[in-house]
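The values are calculated or read from the model by the stated rules, or taken from the named source; none is laboratory data. For clarity, every value in this text was computed on a predicted model and none was experimentally measured. Methodologically, a virtual Cβ is constructed for each residue, glycine included, from the backbone with ideal geometry; neighbour enumeration extends over all protein chains shown. Just so you know, the surface numbers come from the protein's heavy atoms only, side chains and all, with ligands and any DNA or RNA stripped out. Shrake-Rupley method; radii C 1.70, N 1.55, O 1.52, S 1.80 Å.
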Amino acid sequence: MSLRNKVTLIGYTGKEVEMVNFENGSVKANVSLATSDHYTNAKGEKVEETQWHNLIAFGKVAEIMEKYVPKGKEIAIEGKLTYRSYDDKDGVKRYITEIRVDEILLLGGK
């Protein structure tokens, strides 16, 4: 994997993995991942900030996600940023940022 476009995240899945089966037999997995960060603001209060990321995976990684990654599971992933756009039902162009997962590590218990 190139260092030019590399993402490493550790977080918790926000929903069940959604699978898409293609006619050629390949599979795609979609899931959201929450990552949290903490900082202390100017008033001395501890603040937690959560970011949500859209993950996609194909092939063997997708199959692993489907089988072993339920909602709320802590995982570590490595992949790359991808961008795409589409026109919604009203003709408005929408943009999506996703992380294409190349490797996954299951964390936590159970």
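Annotations for the structure displayed:
- Using a probe radius of 1.4 angstrom, the carbon and sulfur fraction of the accessible surface of the chain is 48%.
- When the trypsin sites (Lys or Arg not before Pro) in region 1-96 are filtered for DSSP coil states and for at most 13 other beta-carbon atoms within 10 Å of their beta-carbon, the remaining sites are Arg4, Lys6, Lys15, Lys43, Lys71, Lys89.
- Per residue accessible area of region 5-104, 1.4 Å probe, in Å²: 67
- Rounded to 10°, Cα long-axis angle of helix 59-68 versus longest principal axis of the chain: 60
- Other residues lying with their Cβ under 12 Å from the Cβ of Val17 contribute a combined charge of +1, Lys and Arg counting +1, Asp and Glu -1.
- Summed side-chain charge close to Thr50 - residues other than Thr50 whose Cβ falls under 15 Å, Lys, Arg +1, Asp, Glu -1: -2
- Between region 27-77 and region 1-25, the alpha-carbon center distance in angstrom: 10
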